[in-house]
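Asker: Could you have a look at this structure, given as structure tokens, before my questions?
The values are calculated or read from the model by the stated rules, or taken from the named source; none is laboratory data. Note that the coordinates shown come from a computational prediction; the quantities given were computed from them, not determined experimentally. Cβ: placed from backbone, ideal geometry, glycine included. Neighbour counts: every protein chain shown. To get the accessible areas, we keep the full protein, side chains included, count just its heavy atoms, and leave off ligands, DNA and RNA. Shrake-Rupley method; radii C 1.70, N 1.55, O 1.52, S 1.80 Å.
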Amino acid sequence: MNIALTDEALQWFKHEMEVEPGDTIRFYARYGGSSPFHEGFSLGMTREEPIAIGVQTVVDDVIYYIDEKDLWFFNDHNLHVDVDASNDELQYDYRT
């Protein structure tokens with residue numbers, strides 16, 4: 001599995017979260033909401049230091065990662081992160 005971020009998503013992180021080289025952004029399974037695979041769970045995102053990285057992508061010295069304990073959420077799909085232009089929010093797609 002891998003994490004892919006569009007240029008628009010990378011710009012969103014720079015502007016909305018003010019990420020800088022050396023930062024770490026974690027995508028994680030959170031209770032509440034829904035996802036294509038798990039009713040009652042949705043994808044969350046936070047700035048957090050890694051404990052046990054399961055998969056990561058590094059862009060401009062920023063680590064975007066998923067912890068080993070959250071890999072179950074993705075059902076062996078890749079995470080694709082983009083921006084929904086209609087509301088300037090991140091949107092997630094799960095691809096094989």
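Asker: Do we have GLY44 as open to solvent by less than 30 Å² (accessible area, probe 1.4 Å) and small (Gly, Ala, Ser) here?
Answerer: yes
Asker: Return the pair list, or none, for Cβ contacts closer than 6 Å from residues in region 4-15 that are modelled with pLDDT of 95 or more and open to solvent by less than 90 Å² (accessible area, probe 1.4 Å) to residues that are of a type in the set (Ser, Thr, Tyr) and part of a helix (DSSP H, G or I), at least 6 apart or on different chains.
Answerer: none
Asker: Contact list please: Cβ distance under 6 Å, first residue in region 71-90 and touching a residue at least 12 places away in the same chain (Cβ under 8 Å) and surrounded by fewer than 16 Cβ atoms within 10 Å (Cβ to Cβ), second residue assigned to a strand (DSSP E or B) and aromatic (Phe, Trp, Tyr), pairs at least six apart or on different chains.
Answerer: Listed by first residue and then by second, the contacts come to HIS77/TYR94.
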